[in-house]
1. Within segment B:34-63, how many residues turn out to be under 16 Å from B:GLN108 (Cα atoms), in contact (Cβ under 8 Å) with a residue 12 or more places away in the chain and loosely packed, with under 13 Cβ neighbours inside 10 Å?
2. Looking at A:PRO39, A:PRO107, A:PRO61, A:PRO75 in this structure, which one is in contact (Cβ under 8 Å) with a residue 60 or more places away in the chain and not small (Gly, Ala, Ser)?
3. Determine which member of the set A:TYR89, A:TYR48 is at pLDDT 95 or above and either of a type in the set (Lys, Arg) or within 21 Å of B:PRO43 (Cα to Cα) (or both).
4. Would you pick out the residues in segment A:74-103 that are within 11 Å of chain B (Cβ to nearest Cβ) and more than 16 Å from A:PRO8 (Cα to Cα)?
5. Kindly provide the set of residues from segment B:8-19 that are within 18 Å of B:THR105 (Cα to Cα) and buried (at least 16 other Cβ atoms within 10 Å of the Cβ), ordered by number.
6. Please specify each residue of segment B:34-66 satisfying the condition of being at pLDDT 95 or above and touching a Lys or Arg at 6+ places or on another chain (Cβ under 9 Å).
7. Name the residue that is nearest to A:LEU111 (Cα to Cα), counting only residues in segment A:56-86 that are touching a Lys or Arg at 6+ places or on another chain (Cβ under 9 Å), in a strand (DSSP E or B) and at pLDDT 95 or above.
Amino acid sequence: NAGVTQTPKFQVLKTGQSMTLQCAQDMNHEYMSWYRQDPGMGLRLIHYSVGAGITDQGEVPNGYNVSRSTTEDFPLRLLSAAPSQTSVYFCASRDETGDQETQYFGPGTRLLVL
Amino acid sequence: GQSLEQPSEVTAVEGAIVQINCTYQTSGFYGLSWYQQHDGGAPTFLSYNALDGLEETGRFSSFLSRSDSYGYLLLQELQMKDSASYFCAVRDYNTGGGNKLTFGTGTQLKVEL
C-alpha cells in the first residue's frame, strides 16, 4: 500500500512551458485534490475531484487543468508555466468512512519556473 | 467564504504543554481538522472534530466549540520532534457541497531544550 504518490519530486521549467504533475493513490478514495503551498500562505486548493469523471475548481484554479479518468489517478496540468506558479504542489486523497475524515498527502512536487 | 486565524509562531520547552488556537468564520461549518507538517515534508493528519468537546489521541488532543467558532490543538509532554508547523482546516457544506477543505496559514511550533 503506497498511499499517495507524486512525480516528479522536483522540476524546473521555463516560462511558457507546459507540464503534467502526476498523482496516484491506491487506497480507493473517491475524493482527490491538488494544493499549492507558498511561504506564509498555508495550503491553497487548486482543483478537486469527488470521483472519476468529476472535477471542480478550488480557490486558485487559473493556469491549471485537471482530469480524473480513473479512481486512482489525478494529474495536474500547467498549461503555460509562469514564475507565479513557482511553489510546492501537494496531491491529497480523502478517506470519508464513518464519522472521521483523514486526508492523505503525497510527498509533494517542488516546481521552479524561471 | 471561509477564514481561519491561528498564531504564526509558538515557542515552548521540552516536556511542557502547548495550546495552538484556531478561530474560524464559515457559513456552513462541517468540521475542524488539524495537520502537522515538518520542514520539507508533507502535511499529515492529526485529528478531526465535528462535534463540541475534546478528542484525545495519545499526547495530542483537539477541542472544538461550535458556538464560539473556535478550536485548539493541545500538545502534551512536548518532544523535540514536535517542532513543526500545525495547520487547522475547515470543511464548509456551503462551499463545493462540503468538499473543499480550507487551511489556515499555519502555526510554527518551536520546541526548545
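1. Of the residues in that region, 1 qualify.
2. Residue meeting the stated conditions: A:PRO107.
3. Criteria check complete, one pass: A:TYR89.
4. Scanning segment A:74-103 gives A:ARG94, A:ASP95, A:GLU96, A:GLY98, A:ASP99, A:GLN100, A:GLU101, A:THR102, A:GLN103.
5. Narrowing segment B:8-19 to residues within 18 Å of B:THR105 (Cα to Cα): B:8-11, B:19.
Within segment B:8-19, B:VAL10 is the sole residue that qualifies.
6. B:HIS38, B:ASP52
7. Selected residue: A:TYR64.
The values are calculated or read from the model by the stated rules, or taken from the named source; none is laboratory data. Please read these numbers as outputs of a predicted model, since none were measured by experiment. Positions of Cβ are generated from backbone atoms using ideal geometry, with glycine treated the same way; all protein chains shown enter the neighbour counts.
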